[in-house]
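S.K.: The structure's right below; bear with me while I get my questions together.
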Amino acid sequence: MKKRLFSLVLILLLLAALLPAAFAEQSAAEETEAPVFPYVLDQAGLLSDSQRQTLEEKAAALSEQHQCSLYVVTVEDYTQYNYNIVTATQGIFNYYHLGWGDGQDGVILLLSMKERDFDLDGHGSKGETICGYESRWLIEDEFLDNFRNNDWYGGFKDYLDVCDKQLTKLENGEDITAGADIITGPDGLDYHSYNNPYASTERSILPRLLVVIFVPLVVALIVCMSLKGQMKTAREATGADEYLVPQSMKLNVQEDRFTHRTRTQTLIETDSNHRSGGGGGGGSSFHSGGGFSGSSGKF
Amino acid sequence: MPVQITNYQCPACTGPLHFVGKSGRLECEYCGSSFSVKEIEALYKDKEAAAAAAGVQAQSAEAAQAAEEYSFQQGADGLKVYSCPSCGAELFCDETTAATSCPYCGNPTVVPGQFHGQQKPDYVLPFKLDKNAAVAALKNFYKGKKLLPRAFSDQNHIEEIKGVYVPFWLFDGRVSADIRYAATRVRSYTSGKYRITETDHFDVRRAGTLDFRRIPADGSTKMPDAMMDSIEPFDYDELKSFSTAYLPGFLADIYDVPAEDASERAVRRACATSAAKIGGTAVGYSTCTPVSQQVDMPRPRAKYALLPVWMLSTRWNGKNYLFAMNGQTGKLIGDLPVSMGKFWAWFFGIAAPLAGILAAILFGAM
């Protein structure tokens, strides 16, 4: 009960901070209803007006076509709204009664820029299906490469395109998981072959083949060159240590002057942030429950 | 023509005398008599003085004649001709030869005139090891060389072995160094989710002096520098004031690289060591990179010494192989031929089993 209250308070905070535009569109008569939520809400300012408008129109058209709403939300830091990015995303979806129709079919992609986190969640039968355990990889693959290169518009466009593609497949009764290559790593987490850090030791033959070929060659070469080095023993001397008079070194000047200090800080890779994405190129974690299924990670 | 060279002959039987390193005396091969260096110096003092004077006279004559026409006794190939006092045979020697032996009668001969004036060495380091020790050292040198062609060691015959007093310059000097470094000291710690790395930057300066004593540099163009460097060090405690009495039985050359030219190598070595030693005093830093340095050994003082070296040469597959052994310590160096067959046998002998083991480990679990 406490958790629910906490979430509600945080969502209200989000509402106050993020959605002045949405409030502006509310009519006085609708003051008691939740505000209208745009398909593309760029709170982090990643898009130009024209890009946002283009995406908004595209998302609206696709949502109507498939009767499954497709949302994009960007924020500076999700921790201002909830301690967990998944809870923050799902909170927005629930509070604003997002989604299409009574079943609230929809997919929402949230980007939090501070530590480059993303969360993808699907709701309703269509949304949950295309954001299911295997098929979500196919959606992630489309936008993560763009986001890693700071191509926000391209990433959102690809996200909408792949949702369109998956929803079309779903409507046509086709396999929406085709092409999703899932591998379980030794850490127990599942990885897509695209970004599986353990693929080299689990499945790929090439790296091991290269090890089998090149390591022996390098070791043999080092040993043989060492043996060859024994055959050439005449070398010009470069130093004169033996001829230094003992205790003869006298230091006249010995200055150590501090000039300046430089400071760098690096985010520590921990199990928790690895499991939720592990930084650029890492895996993402799957979650399911409460009417949602989806994944979150880093970009 | 006055005799310019001296044969050291046994006062008892007139047989040839040789300096023997083990005993430190001159010994007669025929009657077995032995004499101290001082005894022989005293005996041959007058003869040497006369030979040296004759040599100087001949050099003056050559110089005078050379001004008018090409040297009569000094051919285009720079050879000098001496007459053996024992058998009268003509000895053709290099310009730098100071001690040799007559190829006809075998008598050891010394050319005292070569050591006249500034050409006279300050020191001589007598041979301690004999020819047999050099041969044994070479055989031992072959051991453990995995890539040495079997035929080289089996069929190998030493073509020539000679004990040579090699002219060396021994340089003393003081190196002055003034070096400035860019140094850093790095400290890391964690703060929340972040690893903080703080790097303190320092401007470090060290200046000082270091003294060096008797850095050797060979003064003979005949001797490869790398070989002479590689047989170091010599034990200078056994240096003797120069006397020709240490030379009989060995070859000796005078220098043909002046001290000024040879000093470059000694100074370079001293400066390298000085920079390293001075740099070693900048401690407590994570990195220390020299940004400017002034290191020099001005006006090194040179002493001239003859140091003992056994030179051994062999021939294999139409190619000469030269080895040098320190005549005092026995340290032997030289370049050996490499059997490419053995090289590849070792290469694949290591690579193939290792590949098999790795394949079993990496693919066996599949």
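S.K.: Among the listed residues B:R206, B:R195, B:R214, identify the single one that is within 7 Å of chain A (Cβ to nearest Cβ), within 30 Å of B:K120 (Cα to Cα) and either touching a residue at least 24 places away in the same chain (Cβ under 8 Å) or in a strand (DSSP E or B) (or both).
M.R.: Values: B:R206 fails: within 30 Å of B:K120 (Cα to Cα); B:R195 fails: within 30 Å of B:K120 (Cα to Cα).
Of B:R206, B:R195, B:R214, the one residue that is within 7 Å of chain A (Cβ to nearest Cβ), within 30 Å of B:K120 (Cα to Cα) and either touching a residue at least 24 places away in the same chain (Cβ under 8 Å) or in a strand (DSSP E or B) (or both) is B:R214.
S.K.: Of these, B:Y246, B:Y255, B:Y189, which one is free of Cβ contacts under 8 Å to residues at least 40 places away in the same chain and more than 10 Å from chain A (Cβ to nearest Cβ)? Outline the logic, then answer.
M.R.: Details: B:Y246 fails: free of Cβ contacts under 8 Å to residues at least 40 places away in the same chain; B:Y255 fails: free of Cβ contacts under 8 Å to residues at least 40 places away in the same chain.
Within the list B:Y246, B:Y255, B:Y189, the selection yields B:Y189.
S.K.: Check whether at least one residue in region B:295-312 is farther than 30 Å from B:P126 by Cβ, acidic (D, E) and assigned to a strand (DSSP E or B), and report yes or no. Reasoning before the result, please.
M.R.: The first filter runs over region B:295-312 and keeps only residues farther than 30 Å from B:P126 by Cβ, leaving B:295-296, B:298-299.
Still in the running and acidic (D, E): B:296.
Adding the requirement that they be assigned to a strand (DSSP E or B) leaves B:296.
The answer is yes; a qualifying residue exists.
S.K.: Okay, moving on. Could you tell me which residue of region B:304-335 is modelled with the highest pLDDT, considering only residues that are surrounded by fewer than 17 Cβ atoms within 10 Å (Cβ to Cβ) and in contact with a Leu (Cβ under 6 Å, 6 or more places away or on another chain)?
M.R.: Among residues in region B:304-335 that are surrounded by fewer than 17 Cβ atoms within 10 Å (Cβ to Cβ) and in contact with a Leu (Cβ under 6 Å, 6 or more places away or on another chain), the one modelled with the highest pLDDT is B:G330.
S.K.: Moving on. State whether the residues of region B:239-251 include one that is over 23 Å from B:V309 (Cα atoms) and part of a loop (DSSP other than H, G, I, E, B). Spell out the reasoning first.
M.R.: In the first step, residues of region B:239-251 are kept if they are over 23 Å from B:V309 (Cα atoms); the result is none.
No, that holds for no residue.
S.K.: Only one residue in A:L209, A:L109 is part of a helix (DSSP H, G or I) and either in the same structural domain as A:F37 (by TED's automatic domain parsing) or modelled with pLDDT of 85 or more (or both). Which one?
M.R.: On the way: A:L109 fails: part of a helix (DSSP H, G or I).
Checking each option against the conditions leaves just A:L209.
For every residue, the table says whether it meets (1) more than 14 Å from every other protein chain (Cβ to nearest Cβ); (2) part of a loop (DSSP other than H, G, I, E, B); (3) at pLDDT 85 or above.
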| site | (1), (2), (3) |
| --- | --- |
| A:R257 | no, no, yes |
| A:R261 | no, no, yes |
| A:T264 | no, no, no |
| A:G281 | yes, yes, no |
| A:H287 | yes, no, no |
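S.K.: Of B:A182, B:A226, which residue is among the hydrophobic types (A, V, I, L, M, F, W, C), at the interface with chain A (Cβ under 7 Å from one of its Cβ atoms) and surrounded by fewer than 20 Cβ atoms within 10 Å (Cβ to Cβ)? Break it down into steps so the answer makes sense when it comes.
M.R.: Details: B:A182 fails: at the interface with chain A (Cβ under 7 Å from one of its Cβ atoms).
When all the criteria are applied, what remains is B:A226.
S.K.: Here are some conditions: (1) more than 19 Å from the chain's Cα centre (by Cα); (2) within 19 Å of A:G155 (Cβ to Cβ). A:V75 meets all but one. Which one does it not meet?
M.R.: (1)
S.K.: I'm checking my understanding of the structure. Among residues of region B:336-348 that are within 8 Å of chain A (Cβ to nearest Cβ) and in a helix (DSSP H, G or I), which one is surrounded by the fewest Cβ atoms within 10 Å (Cβ to Cβ)?
M.R.: The initial filter retains those residues of region B:336-348 that are within 8 Å of chain A (Cβ to nearest Cβ), namely B:336-338, B:343, B:346-348.
Next, only the ones that are in a helix (DSSP H, G or I) stay: B:343, B:346-348.
Working: B:F343: 17, B:W346: 18, B:F347: 19, B:F348: 15.
Looking at residues that are within 8 Å of chain A (Cβ to nearest Cβ) and in a helix (DSSP H, G or I), I get B:F348.
S.K.: Search region A:190-206 for residues being surrounded by fewer than 19 Cβ atoms within 10 Å (Cβ to Cβ) and either at pLDDT 55 or above or outside any loop (DSSP other than H, G, I, E, B) (or both), and hand back the single one that is farthest from the other protein chains (Cβ to nearest Cβ). First the steps, then the outcome.
M.R.: Going residue by residue through region A:190-206, those that are surrounded by fewer than 19 Cβ atoms within 10 Å (Cβ to Cβ) are A:190, A:193-194, A:197-206.
Within this subset, residues satisfying the condition of being either at pLDDT 55 or above or outside any loop (DSSP other than H, G, I, E, B) (or both) are A:190, A:199-202, A:204-206.
On the way: A:D190: 21, A:A199: 14, A:S200: 11, A:T201: 9, A:E202: 10, A:S204: 11, A:I205: 8, A:L206: 12 Å.
Among residues in region A:190-206 that are surrounded by fewer than 19 Cβ atoms within 10 Å (Cβ to Cβ) and either at pLDDT 55 or above or outside any loop (DSSP other than H, G, I, E, B) (or both), the one farthest from the other protein chains (Cβ to nearest Cβ) is A:D190.
S.K.: Please work out if B:V283 is farther than 27 Å from A:E236 by Cβ, free of Cβ contacts under 8 Å to residues at least 12 places away in the same chain and assigned by TED's automatic domain parsing to the domain that holds B:D172. Give the steps one after another, and end with the answer.
M.R.: Working: farther than 27 Å from A:E236 by Cβ: yes; free of Cβ contacts under 8 Å to residues at least 12 places away in the same chain: yes; assigned by TED's automatic domain parsing to the domain that holds B:D172: yes.
When the stated conditions are applied, B:V283 passes them.
The values are calculated or read from the model by the stated rules, or taken from the named source; none is laboratory data. Bear in mind that the values here come from a model prediction, so they are computed numbers and not experimental data. Neighbour counts are summed over all protein chains in view; Cβ atoms, including those assigned to glycine, are modelled from backbone coordinates with ideal geometry.
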